[in-house]
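Presented below is the structure to which this report refers.
The values are calculated or read from the model by the stated rules, or taken from the named source; none is laboratory data. Predicted model, so just to flag it, every value in this text is computed and none were measured. Heads up, the Cβs are rebuilt from the backbone with ideal geometry, glycines too, and the neighbour counts pull from every protein chain shown. Side chains included, ligands, DNA and RNA excluded: accessible areas come from the protein's heavy atoms. Shrake-Rupley method; radii C 1.70, N 1.55, O 1.52, S 1.80 Å.
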Amino acid sequence: MALKPSGEMYLESIYVLCKTKSAVRSIDVAEYMNFSKPSVSRAMGILREQNYITMDKDGHITLTQAGVALAQKIYERHTVLSQALMMLGVDEETASEDACKMEHVISDKSFECLKQYIKQT
């Protein structure tokens with residue numbers, strides 16, 4: 001079953017938090033995303049059911065191999081799309097917000113072509 005864009009956003013947030021924190025919990029995700037704890041708790045349950053994360057008895061979240069792979073893909077898309085928009089003159093905040101929307105719908109083929117184009121410029 002394919003993950004919805006909201007699930008991808010949660011994975012990306014966990015991935016980003018894991019880069020700066022030794023242990024990530026649901027409360028960290030809620031604060032980072034500015035979402036309610038019940039919403040995050042529900043999402044964590046779905047991510048756990050789909051084997052993208054594990055959670056230990058203390059509530060520490062770990063991305064599974066599949067979770068890391070998908071989170072890295074989404075994070076790369078966000079980064080490259082933000083960069084492309086800023087190259088076109090879009091301010092950083094708007095570029096990041098728009099990239100967040102675009103990263104979930106752009107095809108792999110279009111993204112790879114865009115990435116190659118940016119590397120050449």
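Mind counting lysine pairs for me in the chain? Cα separation below 16 Å, and the two need to be 8 or more apart along the chain or on different chains. Close lysine pairs under the 16 Å cut-off: 7. Taking the centroid of alpha carbons for each part, the stretch 4-25 and the stretch 28-48 are 10 Å apart. Within a Cβ distance under 11 Å of residue 108, other residues only, what is the Lys/Arg minus Asp/Glu net charge? Net charge around residue 108: +3. Once the C-beta distance of residue 36 and residue 121 is scaled by a Förster radius of 41 Å, the resulting FRET efficiency is 0.50 to the nearest 0.05. Every helix of 4 or more DSSP H residues in the chain counts as -39500 (n - 2.57), and over all residues that averages to -22500 deg cm²/dmol at 222 nm. Heavy-atom surface analysis with a 1.4 Å probe gives the chain a carbon and sulfur content of 53 percent of its accessible area.
Among the DSSP helices (H) of the chain, those spanning at least 27 angstrom by Cα along their long axis with an average Kyte-Doolittle hydropathy of 0.0 or more are 65-87; this is a geometric and hydropathy rule only. Would you kindly state the longest site-free stretch of the chain, with sites defined as trypsin sites (Lys or Arg not before Pro) in a DSSP loop (not H, G, I, E, B) surrounded by at most 15 other Cβ atoms within 10 Å? Longest gap between qualifying sites, sites excluded: 58-121.
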